[in-house]
1. For LYS213, list the aspartates and glutamates whose Cα falls under 20 Å from its own Cα; do not include residues on the same chain fewer than 8 positions away.
2. Considering the Cα trace of the stretch 57-115, what is its radius of gyration and what is Dmax, both in angstroms?
3. Which order results if SER242, SER46 are arranged by neighbouring Cβ count within 10 Å, fewest first?
4. Along each principal axis of its Cα atoms, how long is the chain end to end? Whole angstroms, biggest number first, please.
5. What does the charge count near VAL140 come to, summing +1 for each Lys or Arg and -1 for each Asp or Glu among other residues with Cβ under 14 Å from its Cβ?
6. Can you list the lysines whose alpha carbon is less than 21 Å from that of LYS60, not counting same-chain residues fewer than 8 positions off?
7. If packing is taken as the average count of other Cβ atoms within 10 Å, what order do 77-83, 38-44 fall into, highest mean first?
8. Please list, or write none, the aspartates and glutamates whose alpha carbon is within less than 12 Å of the alpha carbon of LYS257, excluding same-chain residues fewer than 8 places away.
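Derivation of every value follows stated rules applied to the coordinates shown; laboratory data play no part. These numbers were taken from a predicted model, which means no experiment stands behind them. Here the Cβ positions follow ideal geometry from the backbone for every residue, glycine too, while neighbour counts run over all protein chains shown.
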Amino acid sequence: MTEQLLITTIDDNGVARLTMNRPEIRNAFNQALICQICDAIGRLNSDADIRAIVLTGAGKAFSAGADLNMMRQASDYSPAENKDDARRLAHMLHSIYASPKPTIALINGPAMGGGLGLIAACDIAVAAEEAFFALTEVRVGLIPAVISPFVIQAIGARQARRYFLTGERFNAETAKTIGLVHMVAMSAQLEATLDELIDNLLACGPDAQCEAKELIRAVKHRPINEAVLEDTSGRIARLRASPEGKEGLTAFLEKRKPGWVKE
């Protein structure tokens, strides 16, 4: 029987849940799991009925990052094979980061190494208070290279200087303080916290959410100059005239729920 490395479920509201299913090794990802996540994200990204994507882990851990057996095998690869292997992880993370859908990391337990890359690639991260985190690559003579653009964007270069260099563990509250996660909840309340977050996401226009993600990417590193003012003015003018924008404003004025909200 083929091992089901990734369990995908979709509820009636169009919320997809991807559960990494290797609990015996803390959901460490091998090449097969990386490819399955990438494929699943690609399918969900192109499905207009999908409203949000939740990424979590089976069992007591979120993800231990890269499978050490995979890393051991990679040490014998040729330089070209090694780079191709790293590219697969990079493409998986970018497919999550660039998704037009809201993406949520539901951190049910420890997240180590590349597991932090998965979290940082998501739009929103919710962690159980018992979860802990570490960027452990330097402790085995490596660096968090592929995940670094996503992690540094989440926690900033100053915090990265500490945690990239020490490989030390930190708890969920510290993860929240440095910007890796947005919310921390007791394990018993983790699903309820997710449900409340999902309710807020589903109340919003799906096209607007996609456009909001594009807006952040477009302006985050640019100076506030005439070009940015023109760009942002053009974006809001276009959305005001869009079907979703018109429906949202009309529904607000008519004191009713917009058409994208399911009763």
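1. ASP47, ASP49, ASP123, ASP199, GLU230, ASP231, GLU244
2. Calculated on Cα positions, Rg and Dmax stand at 13.7, 38 Å.
3. Placing the least packed residue first, the sequence is SER46, SER242.
4. Rounded to whole Å, the extents work out to 62, 47, 36 Å.
5. Summing Lys and Arg as +1 and Asp and Glu as -1 gives 0.
6. Excluding near neighbours in sequence, the set is LYS176.
7. The densest-packed peptide leads the list: 38-44, 77-83.
8. GLU247
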